[in-house]
Amino acid sequence: MSVIAERVKEVRGRRGLTAQELADRLKEAGVPWDRGTVTKLETKRRQNVSVVELLALARALHVAPVHLLVPPDNRPYQVTPNEAHRSGRARAWIRGEEPLPGTDRRIFRTEVPLDEMPTTRKVQFGGRHGSEQLRELFEEFGEVERDPETGTIRATLRGPGEQRDEGEGGNDGGQHREETER
(Lines give C-alpha, C1' and ligand atoms only; values in the text may rest on other atoms or scores of the structure.)
Protein backbone atom coordinates (compact mmCIF):
# COMPACT_ATOMS: atom_id res chain seq x y z
CA MET A 1 0.00 0.00 0.00
CA SER A 2 2.81 2.43 0.78
CA VAL A 3 4.12 1.93 -2.77
CA ILE A 4 0.79 3.05 -4.24
CA ALA A 5 0.77 6.11 -1.96
CA GLU A 6 4.34 7.04 -2.95
CA ARG A 7 3.74 6.45 -6.64
CA VAL A 8 0.49 8.47 -6.72
CA LYS A 9 2.25 11.37 -5.01
CA GLU A 10 5.26 11.17 -7.40
CA VAL A 11 3.18 10.90 -10.57
CA ARG A 12 0.69 13.58 -9.49
CA GLY A 13 3.63 15.93 -8.81
CA ARG A 14 5.18 15.22 -12.22
CA ARG A 15 1.84 15.92 -13.88
CA GLY A 16 1.61 19.25 -12.05
CA LEU A 17 -1.76 18.33 -10.54
CA THR A 18 -3.00 19.52 -7.18
CA ALA A 19 -4.67 17.04 -4.82
CA GLN A 20 -7.98 18.76 -5.64
CA GLU A 21 -7.43 18.36 -9.40
CA LEU A 22 -6.73 14.65 -8.95
CA ALA A 23 -9.85 14.32 -6.78
CA ASP A 24 -11.89 16.06 -9.50
CA ARG A 25 -10.56 13.63 -12.13
CA LEU A 26 -11.45 10.70 -9.87
CA LYS A 27 -15.00 12.04 -9.41
CA GLU A 28 -15.33 12.28 -13.21
CA ALA A 29 -14.28 8.61 -13.35
CA GLY A 30 -16.96 7.67 -10.82
CA VAL A 31 -14.82 7.47 -7.68
CA PRO A 32 -16.09 10.00 -5.12
CA TRP A 33 -12.80 11.15 -3.60
CA ASP A 34 -12.15 14.64 -2.30
CA ARG A 35 -8.87 16.49 -1.76
CA GLY A 36 -8.66 15.12 1.78
CA THR A 37 -8.86 11.50 0.58
CA VAL A 38 -6.02 12.10 -1.89
CA THR A 39 -3.94 13.71 0.87
CA LYS A 40 -4.67 10.85 3.29
CA LEU A 41 -3.52 8.34 0.68
CA GLU A 42 -0.32 10.22 -0.12
CA THR A 43 0.56 10.71 3.57
CA LYS A 44 -0.17 7.01 4.23
CA ARG A 45 -3.02 7.76 6.61
CA ARG A 46 -5.35 5.83 4.29
CA GLN A 47 -4.43 2.15 4.55
CA ASN A 48 -6.17 0.63 1.54
CA VAL A 49 -7.23 1.22 -2.05
CA SER A 50 -9.81 -0.91 -3.82
CA VAL A 51 -9.14 -2.32 -7.27
CA VAL A 52 -11.70 0.12 -8.69
CA GLU A 53 -9.91 3.03 -6.99
CA LEU A 54 -6.51 1.84 -8.24
CA LEU A 55 -7.78 1.64 -11.81
CA ALA A 56 -9.39 5.08 -11.54
CA LEU A 57 -6.16 6.55 -10.10
CA ALA A 58 -4.18 5.11 -12.99
CA ARG A 59 -6.69 6.43 -15.51
CA ALA A 60 -6.75 9.89 -13.90
CA LEU A 61 -2.93 10.02 -13.88
CA HIS A 62 -2.60 8.61 -17.42
CA VAL A 63 -0.45 5.63 -16.42
CA ALA A 64 -0.84 1.88 -16.48
CA PRO A 65 -1.98 0.48 -13.10
CA VAL A 66 1.22 -1.56 -12.83
CA HIS A 67 3.19 1.69 -12.56
CA LEU A 68 1.26 2.64 -9.43
CA LEU A 69 1.53 -0.83 -7.90
CA VAL A 70 5.26 -1.41 -8.39
CA PRO A 71 8.09 1.12 -8.16
CA PRO A 72 9.98 1.87 -11.40
CA ASP A 73 13.38 0.93 -10.00
CA ASN A 74 14.56 -2.61 -9.38
CA ARG A 75 14.50 -2.74 -5.59
CA PRO A 76 12.86 -5.68 -3.79
CA TYR A 77 9.06 -5.64 -3.92
CA GLN A 78 6.71 -7.64 -1.66
CA VAL A 79 4.39 -9.62 -3.94
CA THR A 80 2.93 -11.39 -0.88
CA PRO A 81 3.61 -10.91 2.83
CA ASN A 82 6.10 -13.80 2.64
CA GLU A 83 7.62 -13.30 -0.80
CA ALA A 84 9.69 -10.50 -2.33
CA HIS A 85 11.15 -10.18 -5.84
CA ARG A 86 12.92 -7.43 -7.76
CA SER A 87 10.49 -4.80 -9.02
CA GLY A 88 11.20 -5.62 -12.68
CA ARG A 89 10.26 -9.26 -12.15
CA ALA A 90 7.12 -8.24 -10.25
CA ARG A 91 6.07 -5.89 -13.07
CA ALA A 92 6.57 -8.65 -15.67
CA TRP A 93 4.48 -11.02 -13.52
CA ILE A 94 1.67 -8.48 -13.05
CA ARG A 95 1.62 -7.81 -16.81
CA GLY A 96 1.34 -11.57 -17.40
CA GLU A 97 4.65 -11.63 -19.27
CA GLU A 98 6.68 -13.90 -16.97
CA PRO A 99 5.75 -16.19 -14.08
CA LEU A 100 7.41 -15.87 -10.69
CA PRO A 101 10.06 -18.48 -9.77
CA GLY A 102 8.50 -21.77 -8.77
CA THR A 103 5.47 -21.28 -11.02
CA ASP A 104 4.79 -23.85 -13.73
CA ARG A 105 5.20 -21.84 -16.96
CA ARG A 106 2.69 -23.91 -18.88
CA ILE A 107 -0.01 -23.49 -16.24
CA PHE A 108 0.82 -19.76 -16.02
CA ARG A 109 0.21 -19.39 -19.76
CA THR A 110 -3.12 -21.28 -19.78
CA GLU A 111 -5.15 -18.19 -18.84
CA VAL A 112 -3.68 -15.98 -21.56
CA PRO A 113 -6.24 -15.42 -24.35
CA LEU A 114 -4.94 -16.81 -27.64
CA ASP A 115 -5.01 -13.41 -29.34
CA GLU A 116 -2.73 -12.07 -26.57
CA MET A 117 -0.19 -14.89 -26.71
CA PRO A 118 3.24 -13.49 -27.41
CA THR A 119 4.39 -14.37 -30.90
CA THR A 120 7.92 -13.23 -30.24
CA ARG A 121 10.16 -13.29 -27.24
CA LYS A 122 13.33 -11.27 -26.77
CA VAL A 123 16.34 -13.56 -26.70
CA GLN A 124 19.91 -12.40 -26.42
CA PHE A 125 21.96 -14.37 -28.93
CA GLY A 126 25.63 -15.12 -28.70
CA GLY A 127 27.74 -17.15 -26.34
CA ARG A 128 26.44 -19.71 -23.90
CA HIS A 129 23.90 -17.35 -22.33
CA GLY A 130 22.00 -16.68 -25.55
CA SER A 131 22.10 -20.30 -26.62
CA GLU A 132 20.67 -21.41 -23.29
CA GLN A 133 17.84 -18.88 -23.55
CA LEU A 134 17.10 -20.03 -27.09
CA ARG A 135 17.10 -23.66 -25.97
CA GLU A 136 14.68 -22.87 -23.10
CA LEU A 137 12.40 -20.93 -25.44
CA PHE A 138 12.09 -23.79 -27.90
CA GLU A 139 11.77 -26.43 -25.21
CA GLU A 140 8.73 -24.49 -24.02
CA PHE A 141 7.19 -23.54 -27.37
CA GLY A 142 8.78 -25.74 -30.01
CA GLU A 143 11.55 -28.11 -30.88
CA VAL A 144 15.26 -27.55 -31.09
CA GLU A 145 18.09 -29.56 -32.62
CA ARG A 146 21.79 -28.79 -32.70
CA ASP A 147 24.21 -29.87 -35.40
CA PRO A 148 27.25 -31.15 -33.48
CA GLU A 149 29.60 -30.42 -36.38
CA THR A 150 28.67 -26.81 -37.14
CA GLY A 151 27.08 -25.71 -33.84
CA THR A 152 24.02 -24.56 -35.78
CA ILE A 153 20.80 -24.63 -33.79
CA ARG A 154 17.68 -25.43 -35.80
CA ALA A 155 14.46 -24.50 -34.02
CA THR A 156 10.84 -24.98 -35.01
CA LEU A 157 8.13 -23.03 -33.20
CA ARG A 158 4.73 -24.64 -32.76
CA GLY A 159 1.69 -22.43 -33.19
CA PRO A 160 -0.86 -22.02 -30.37
CA GLY A 161 -2.56 -25.30 -29.63
CA GLU A 162 -0.20 -27.43 -31.76
CA GLN A 163 1.08 -30.56 -30.07
CA ARG A 164 4.63 -31.91 -30.33
CA ASP A 165 4.74 -34.93 -32.64
CA GLU A 166 7.77 -37.00 -31.69
CA GLY A 167 7.62 -39.08 -34.88
CA GLU A 168 7.38 -36.19 -37.30
CA GLY A 169 10.44 -35.20 -39.26
CA GLY A 170 11.35 -32.46 -41.69
CA ASN A 171 9.52 -29.21 -42.12
CA ASP A 172 6.23 -29.12 -40.25
CA GLY A 173 5.24 -25.70 -41.52
CA GLY A 174 6.44 -23.98 -38.34
CA GLN A 175 8.72 -20.99 -38.14
CA HIS A 176 12.40 -21.85 -38.37
CA ARG A 177 15.40 -19.96 -37.06
CA GLU A 178 18.96 -21.09 -37.28
CA GLU A 179 21.71 -19.60 -35.15
CA THR A 180 25.34 -20.60 -34.91
CA GLU A 181 26.88 -20.43 -31.46
CA ARG A 182 30.14 -18.48 -31.53
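The values are calculated or read from the model by the stated rules, or taken from the named source; none is laboratory data. Computed from a prediction, not measured in an experiment: that's the story for all the values here. Don't worry about glycine lacking a Cβ; one is built from the backbone with ideal geometry, like all the others, and counts go over all protein chains shown.
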- request: Find all pairs meeting these conditions: Cβ atoms under 7 angstrom apart; at least six residues apart or on different chains; first residue within region 93-106 and farther than 16 Å from residue 83 by Cβ; second residue at pLDDT 95 or above.
  value: 95/66
task: Answer with yes or no whether residue 45 is in contact with a helix residue (DSSP H, G or I) (Cβ under 7 Å, 6 or more places away or on another chain) and either among the charged types (D, E, K, R) or in contact (Cβ under 8 Å) with a residue 12 or more places away in the chain (or both).
output: no
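Specify which of the listed residues (71, 81, 65) is over 13 Å from residue 12 (Cα atoms) and in contact (Cβ under 8 Å) with a residue 40 or more places away in the chain.
Details: 81 fails: in contact (Cβ under 8 Å) with a residue 40 or more places away in the chain; 65 fails: in contact (Cβ under 8 Å) with a residue 40 or more places away in the chain.
Selected residue: 71, the only one of 71, 81, 65 that is over 13 Å from residue 12 (Cα atoms) and in contact (Cβ under 8 Å) with a residue 40 or more places away in the chain.
Just wondering, is there one or more residues in region 48-55 that are touching a residue at least 60 places away in the same chain (Cβ under 8 Å) and part of a helix (DSSP H, G or I)?
As a first pass, look at region 48-55 and keep what is touching a residue at least 60 places away in the same chain (Cβ under 8 Å): none.
No, the conditions are met nowhere in region 48-55.
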- request: Among the residues of region 8-31, write down those that are among the polar types (S, T, N, Q) and part of a helix (DSSP H, G or I).
  value: 20
query: Can you name the residue in region 32-42 that is in contact with a helix residue (DSSP H, G or I) (Cβ under 6 Å, 6 or more places away or on another chain) and in a loop (DSSP other than H, G, I, E, B) and, of all such residues, is surrounded by the fewest Cβ atoms within 10 Å (Cβ to Cβ)?
result: 34
- prompt: Can you pull out the residues in region 89-138 that are modelled with pLDDT of 85 or more, within 20 Å of residue 64 (Cα to Cα) and in a helix (DSSP H, G or I)?
  reply: 89, 90, 91, 92, 93, 94
